[in-house]
Amino acid sequence: MASENMESLVNRRYEHGFVTDIETETFPPGLDEGVVRAISARKNEPKFMLEWRLQAYRQWLEMREPTWAHVHYPQIKFNEISYFAAPKSDDDRPKSLDEVDPKLLETYEKLGIPLHERARLAGVAVDAVFDSVSVATTFKEKLYEAGVIFCPFSEAVREHPELIKKYLGSVVPRRDNFYAALNSAVFSDGSFVYIPKGVRCPMELSTYFRINAANTGQFERTLIIADEGSHVSYLEGCTAPMRDENQLHAAVVELVALEDAEIKYSTVQNWYPGDENGVGGIYNFVTKRGDCRGANSKISWTQVETGSAITWKYPSCILRGANSVGEFYSVAVVNNMQQADTGTKMIHIGPNTRSTIVSKGISAGKAQNVYRGLVRIMPQAHGARNHTQCDSLLIGSECGAHTFPYMEIKNPSAKVEHEATTSKISADQLFYCRQRGLSEEDAVNMIVNGFCKEVFKELPMEFAVEAQALLNVSLEGAVG
Amino acid sequence: MLEIKNLKTRIGDTEILRGLTLSVQAGEVHAIMGPNGSGKSTLALVIAGHDDYVVTDGTVTYNGKNLLDLEPEERAREGVFLGFQYPVEIPGVNNAYLLKAAVNAKRRHNGQGEVDAFEFLKLAREKMAALGMDPKLLNRGINEGFSGGEKKRNEVLQMTMLEPSLAILDETDSGLDIDALKAVAKGINTLRSPDRAIVLITHYQRLLDYVQPDFVHVLSEGRIVRSGDKSLALELEDKGYDWVREAASA
C-alpha cells in the first residue's frame with residue numbers, strides 16, 4: 001500500500017494561489033546604474049544611501065552566482081527581472097488600517113491573516129510589506145513610548161540615518177555574496193528595529209512579506225539592533241500568490257546584539273513552491289546573519305520553511321562577545337519538486353561561546369532537502385561548545401535528504417557534538433494510526449508534528465499554531 | 001455482528017485464506033487458534049482493512065454493512081479494533097496524543113463532541129492503573145522503547161479507552177509474563193458485555209484460562225477446520241496441531 005498511496009497523497013494545491021488586482025507601478029525589466037538611482041530617488045533617499053547602493057551594484061557586477069548548493073534551476077536572467085514594484089498610491093499612503101485598500105485587507109483575510117484582529121488579539125505590531133512598500137503600521141505609539149523604533153526600512157534611512165550608517169552592512173557586508181550584493185544595490189524595503197539600552201520590547205514584532213506582482217524580484221532589507229541589555233522577539237511570515245514565472249527573492253537580514261542583549265527571530269515561510277511538476281515557484285536566496293557583538297548576548301533563529309521552489313538560506317550567528325549564545329531551530333519541509341539547501345553557520349570567536357543547532361528536514365514527493373551547516377571554532381574561542389542535532393524524515397520513496405555538516409575546530413578546548421538521524425514514515429505506522437480511527441492525512445500530520453515539536457516549542461505561541469497548520473497544508477496529499 | 005463467508009485472500013501470489021467462514025455474534029468471545037502460517041494474523045489484518053491483502057472471493061459483513069467497502073479508519077470508527085501482534089513504534093508522537101485523537105475520531109463519527117482534556121487524562125490514568133501501567137508511558141513516544149509487555153498493555157489500554165464493538169486481539173498474550181498476562185486478561189474481561197464481541201487470536205491455551213471463550217476455532221491452511229467450546233483448546237494443548245491437520249485431511 002505504502003508507496004502507491006504515498007505518491008497519491010503528494011497532490012496538494014497551494015491555498016494562497018491568487019493574485020490581487022491592485023494597480024502596481026513597476027519599473028521596466030533590467031538592471032543598470034540608472035535603475036539603482038531610480039529606486040533611490042523614488043524613496044527620497046539621502047545621498048549616502050545612493051552611494052552605498054551604487055558601490056554594491058558595482059561590486060555585484062564583478063561577482064558570480066554561487067553554484068555550490070545542492071539545487072538545480074535554469075540560469076536566472078537578471079535583466080528580465082523588474083527591480084521595483086509598489087502599490088500606486090504611494091504619495092497618500094494610509095495612516096491607519098482603515099485607510100488601507102480593502103482589496104489588500106481581503107488578501108490578508110484569504111491568507112488567514114486578519115491583520116486588525118490578529119494584531120489586537122495577539123498584541124503584535126505589524127509592519128505589513130505588500131510588494132515592496134509598507135502600507136500599514138500598528139502599535140507604533142506604544143512602541144514609541146518604550147523608545148523602540150520599528151518602521152519601514154526606507155523610513156529609517158530618512159529618519160535615523162546615523163543608525164543606518166553605523167550598522168547597515170556591518171553584519172552582512174555588501175560583497176558578502178552574490179545575492180547580498182544584489183540586494184544591497186536594489187533593496188526595496190523591509191523593516192528596521194532599534195531597541196534602546198535596557199528595554200524589553202513590550203510586544204512581539206511581526207512583519208508579513210508578500211510577493212504579488214509577476215516577475216518582480218523582491219529584495220527585502222531588514223536590520224535589527226538590540227542595544228545593551230535589551231530584548232526583542234521578531235516574527236516574520238510570508239506567502240505569495242500563484243505564478244508561472246519564477247520569482248527571485250533575495251533578502252538580507254542583519255541582526256546586531258550588543259552586550260547582554262537578546263534577539264529572537266522567528267520565520268514562517270510559505271512562498272509559492274511551484275506546482276507538482278516544478279513549474280513556477282519562488283527562488284528564495286536569502287542571507288540572514290546575526291552578530292552577537294557584545295558579551296553575554298544571545299541570538300536565536302527559529303524557522304519553519306515550507307514554501308519556495310528553491311530555498312538557499314543559512315541564518316547564522318557570529319559569536320563574537322564572550323559567553324554569547326547562538327541558536328538555530330529549523331523545520332524545512334519540501335514536497336513535490338521543491339529543493340531546499342538550508343542550515344546555519346555558528347562562528348565561535350569569543351571565549352565560552354555556546355551554540356545549539358536543531359534541524360528537522362522533511363522530504364516528500366520528489367523533493368530534495370539539504371542540511372548544510374558550519375561550526376567554526378576560532379583559535380581564541382576557549383571553552384566554546386556546540387551541539388548539533390540534525391534529523392531527516394522521509395515520506396515516500398522518491399525524495400531525498402542530504403546532510404553536509406562542516407566543522408572547523410581550531411581550539412583544543414572546544415566541545416562539539418553532532419547527532420544525526422534519518423527515518424521514514426512507514427506504511428505500518430500509518431496503518432496503525434488508521435486502525436485507531438485517524439485518517440491517513442491526520443496520521444501523517446501527527447507524525448510530522450511530533451517530529452518537529454522540538455522546534456515548534458521555540459516559536460511564540462500564536463506562531464506555533466500557525467506553523468503547525470501550515471505544515472499540515474504543505475504535506476496535504478503527501479501520503480495517500 | 002460479524003459474518004465472514006467463504007473468504008479468500010492473497011498477498012502477492014500467495015493464497016492465504018482459502019474459503020474461511022466464521023460467524024461472531026454480540027456478547028460472544030471467540031478464540032482462534034492454529035499453527036504458524038495458518039492465516040490467523042491475515043484474518044485479523046483483512047478485517048481491519050490492511051490493503052496488502054487482496055480479497056479474491058467471499059464476503060465480510062459487519063453489523064449488516066459490507067466491511068470490505070470501508071477504509072481502515074472507517075472500520076475503526078465503526079467500532080472495529082485490532083490489537084496488533086507487533087505494535088509499531090512511532091517516535092516523537094506522544095502516546096496520549098494518539099489515544100486522544102483516536103477517541104475523538106470515534107466520538108466525532110458518532111456525532112459526539114470531543115472529549116474534555118481533563119476528563120480524558122483522568123480516564124486514561126484510571127485505565128492505566130487497572131492495567132498496572134506506569135502513567136509515564138502516556139507521555140512517551142508511541143510504543144517508543146516500550147518493553148514487549150508494555151506494548152501489549154498499551155494495546156489493551158487503547159482498546160479499553162475506545163470501547164470497540166468488535167475487538168480482535170492478535171496474540172496479545174504472547175511474550176507476557178504471568179503478571180502481565182493476568183493484567184491483560186483483566187482488561188479484556190472488563191470489556192465483555194452483551195453488545196460487544198471479542199476475538200482472541202492465540203497460540204496458547206494459557207490466556208483462555210483467564211478469558212473464558214464461548215467458542216474455539218482451529219485455523220489450518222486458511223480454513224477453519226474445527227470449532228468447539230473451551231474443551232477444544234484443552235484438547236489442542238494436549239494433542240498438538242498435527243492432530244487437527246490429520247483430522248482435517250481425514
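The values are calculated or read from the model by the stated rules, or taken from the named source; none is laboratory data. Keep in mind the model is a prediction, meaning the values are calculated, not measured. Every residue, glycine as well, gets a Cβ built from its backbone with ideal geometry; the counts of neighbours run over all protein chains shown. Ligands, DNA and RNA are excluded from the accessible area calculation, which covers all protein heavy atoms including side chains. Shrake-Rupley method; radii C 1.70, N 1.55, O 1.52, S 1.80 Å.
I'm trying to understand the selection: among the residues of region A:261-285, which are surrounded by fewer than 24 Cβ atoms within 10 Å (Cβ to Cβ) and aliphatic (A, V, I, L, M)?
Within region A:261-285, just A:Val279 meets the criteria.
Output the number of residues of region B:20-74 satisfying the condition of being open to solvent by less than 10 Å² (accessible area, probe 1.4 Å), among the aromatic types (Phe, Trp, Tyr) and either within 22 Å of B:Leu234 (Cα to Cα) or within 14 Å of another protein chain (Cβ to nearest Cβ) (or both).
0
What number of residues in region A:313-342 are modelled with pLDDT of 95 or more, touching an Asp or Glu at 6+ places or on another chain (Cβ under 9 Å) and at positive phi?
0
Any chance you could count how many residues in region B:208-240 are under 26 Å from B:Lys182 (Cβ atoms), open to solvent by 50 Å² or more (accessible area, probe 1.4 Å) and of a type outside the set (Gly, Ala, Ser)?
Of the residues in that region, 10 qualify.
Out of (1) hydroxyl-bearing (Ser, Thr, Tyr); (2) at pLDDT 80 or above; (3) open to solvent by 30 Å² or more (accessible area, probe 1.4 Å), what's the single condition that is false for A:Thr137?
(2)
For region B:79-90, indicate whether the set of residues that are within 14 Å of chain A (Cβ to nearest Cβ), open to solvent by less than 60 Å² (accessible area, probe 1.4 Å) and among the aromatic types (Phe, Trp, Tyr) is non-empty.
Yes, that holds for at least one residue.
I'd like to check which strands (runs of 3 or more DSSP E) are fully inside region B:1-58 and have at least 2 residues that are out of contact with any Pro (no Cβ under 7 Å at 6 or more places or on another chain) and at pLDDT below 95.
Passing ranges, in order: B:2-11, B:14-24.
Open to solvent by 80 Å² or more (accessible area, probe 1.4 Å) and touching a strand residue (DSSP E or B) at 6+ places or on another chain (Cβ under 7 Å) - does that describe any residue in region B:198-206?
No: zero hits.
Taking only pairs six or more apart or across chains, which ones have beta-carbon atoms under 6 Å, a first residue in region B:61-79 that is more than 24 Å from A:Val444 (Cα to Cα), and a second residue that is open to solvent by less than 10 Å² (accessible area, probe 1.4 Å) and at pLDDT 95 or above?
Qualifying pairs under 6 Å: B:Tyr62/B:Leu2; B:Leu67/B:Val60.
Would you pick out the residues in region A:392-418 that are out of contact with any helix residue (DSSP H, G or I) (no Cβ under 7 Å at 6 or more places or on another chain) and over 23 Å from A:Ile349 (Cβ atoms)?
Within region A:392-418, A:Ser392, A:Leu394, A:Glu398, A:Cys399, A:Gly400, A:Ala401, A:His402, A:Thr403 meet the criteria.
Given (1) open to solvent by 10 Å² or more (accessible area, probe 1.4 Å); (2) more than 9 Å from every other protein chain (Cβ to nearest Cβ), identify the lone condition not met by A:Lys453.
Going through (1) open to solvent by 10 Å² or more (accessible area, probe 1.4 Å); (2) more than 9 Å from every other protein chain (Cβ to nearest Cβ) one by one, A:Lys453 breaks only (2).
Within the set of pairs 6 or more residues apart or between chains, which connect a residue that is more than 13 Å from chain A (Cβ to nearest Cβ) and under 20 Å from B:Ile188 (Cβ atoms) inside region B:138-158 to a residue that is assigned to a loop (DSSP other than H, G, I, E, B) and basic (Lys, Arg) with Cβ atoms less than 9 Å apart?
Note: pairs meeting the criteria are B:Phe146/B:Arg140.
Which residues, counting only those in region A:399-438, are within 30 Å of B:Ala102 (Cα to Cα), in contact (Cβ under 8 Å) with a residue 24 or more places away in the chain and charged (D, E, K, R)?
The answer is A:Lys424, and nothing else.
Go through the residues of region A:403-424 one by one and say whether even a single one is more than 14 Å from chain B (Cβ to nearest Cβ), outside any strand (DSSP E or B), open to solvent by less than 40 Å² (accessible area, probe 1.4 Å) and of a type outside the set (Ser, Thr, Tyr).
Yes; the residues of region A:403-424 include at least one that is more than 14 Å from chain B (Cβ to nearest Cβ), outside any strand (DSSP E or B), open to solvent by less than 40 Å² (accessible area, probe 1.4 Å) and of a type outside the set (Ser, Thr, Tyr).
I'm checking my understanding of the structure. Among residues of region B:98-110 that are more than 8 Å from chain A (Cβ to nearest Cβ) and open to solvent by 70 Å² or more (accessible area, probe 1.4 Å), which one is farthest from A:Arg434 (Cα to Cα)?
The residue in question is B:Asn110.
Considering only region B:105-126, state which residues are part of a helix (DSSP H, G or I) and closer than 17 Å to B:Val80 by Cβ.
Selection gives B:Ala105, B:Lys106, B:Arg107, B:Arg108, B:His109.
Say we look at region B:204-218 and pick out the residues that are over 9 Å from B:Lys230 (Cα atoms) and β-branched (Val, Ile, Thr); which of these is nearest to the chain's Cα centre (by Cα)?
Only one residue tops the list, namely B:Val211.
Out of the residues in region A:437-450 that are part of a loop (DSSP other than H, G, I, E, B) and crowded, with 23+ Cβ neighbours inside 10 Å, state the one that is nearest to the other protein chains (Cβ to nearest Cβ).
By that ranking, first place goes to A:Gly437.
In region A:370-385, which residues are under 23 Å from the mean Cα position of the chain (by Cα) and open to solvent by less than 10 Å² (accessible area, probe 1.4 Å)?
A:Val370, A:Gly373, A:Val375
May I ask you to say which residue of A:Arg42, A:Arg64, A:Arg53, A:Arg37 is surrounded by 20 or more Cβ atoms within 10 Å (Cβ to Cβ), among the basic types (Lys, Arg) and at pLDDT 55 or above?
None of the other options fit; the residue is A:Arg53.
Of the conditions (1) modelled with pLDDT under 95; (2) in contact with a helix residue (DSSP H, G or I) (Cβ under 7 Å, 6 or more places away or on another chain); (3) not polar (S, T, N, Q), A:Ile310 fails just one. Which one is it?
Answer for A:Ile310: the failing condition is (2).
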